[in-house]
1. Counting only residues that are free of Cβ contacts under 8 Å to residues at least 12 places away in the same chain and loosely packed, with under 14 Cβ neighbours inside 10 Å, which one in the range 80-123 is nearest to L27 (Cα to Cα)?
2. Is it the case, given these coordinates, that R32 is farther than 18 Å from K87 by Cβ, in contact (Cβ under 8 Å) with a residue 12 or more places away in the chain and basic (K, R)?
3. Restricting to the range 83-103, what's the tally of residues that are in contact with a strand residue (DSSP E or B) (Cβ under 8 Å, 6 or more places away or on another chain), hydrophobic (A, V, I, L, M, F, W, C) and either at pLDDT 95 or above or not in a loop (DSSP other than H, G, I, E, B) (or both)?
4. Identify all residues within the range 69-79 that are of a type in the set (S, T, N, Q) and either modelled with pLDDT of 90 or more or under 20 Å from K20 (Cβ atoms) (or both); write none if there are none.
5. In the range 95-116, which residues are farther than 13 Å from N81 by Cβ and within 18 Å of the chain's Cα centre (by Cα)?
6. Quick one: which of A43, A64 is at pLDDT below 85, on the phi < 0 side of the Ramachandran plot and under 17 Å from the mean Cα position of the chain (by Cα)?
7. Specify the residue that is nearest to V23 (Cα to Cα); the eligible residues are those in the range 46-61 that are part of a helix (DSSP H, G or I) and either modelled with pLDDT of 90 or more or not acidic (D, E) (or both).
Amino acid sequence: MTHLTPEEQKELRSKLEEEKGIVTKELLRIGRKNPINAADWEARPEELDIQESDRNEAADRIEAFEENTAILKELETRFNNIERALKKMDAGTYGICEVGGQPIPKERLFANPAAITCTKHADDI
């Protein structure tokens with residue numbers, strides 16, 4: 001992390017921790033941790049007051065579950081990227097492109113503190 005000052009590192013850690021809290025709340029709103037694999041999240045179906053014999057209402061419930069699954073997947077990916085960035089900070093490897101090995105530009109890190117690649121390699125992962 002030599003290209004980041006201690007103040008920049010502190011600010012980026014704060015941003016990551018704040019975003020982790022927000023993402024965690026959203027994950028808990030629509031999902032739960034998988035009891036078999038604590039690193040995995042699974043969607044919860046919407047709590048609807050329906051009669052299971054009504055096909056339209058049952059279809060609505062399935063559709064809501066599928067929407068939650070898609071949203072949860074995006075949130076889970078973001079959560080994992082945040083966790084990864086925080087671990088890299090602790091290890092002293094934060095801010096280094098995982099593809100090319102060069103420092104990730106500060107502008108990119110401040111725009112996306114969980115970035116793992118420089119803009120040159122952003123599409124490679």
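1. Looking at the filtered set, the residue picked out is K87.
2. Yes, satisfied.
3. 1
4. T77
5. Hits for the range 95-116 are G95, R108, F110, A111.
6. Details: A64 fails: under 17 Å from the mean Cα position of the chain (by Cα).
The conditions single out A43.
7. Out of the qualifying residues, it is R61.
The values are calculated or read from the model by the stated rules, or taken from the named source; none is laboratory data. Remember, it's a predicted structure, so these values are computed and weren't measured experimentally. Note: ideal-geometry Cβ built from the backbone for every residue, glycine included; neighbour counts use all protein chains shown.
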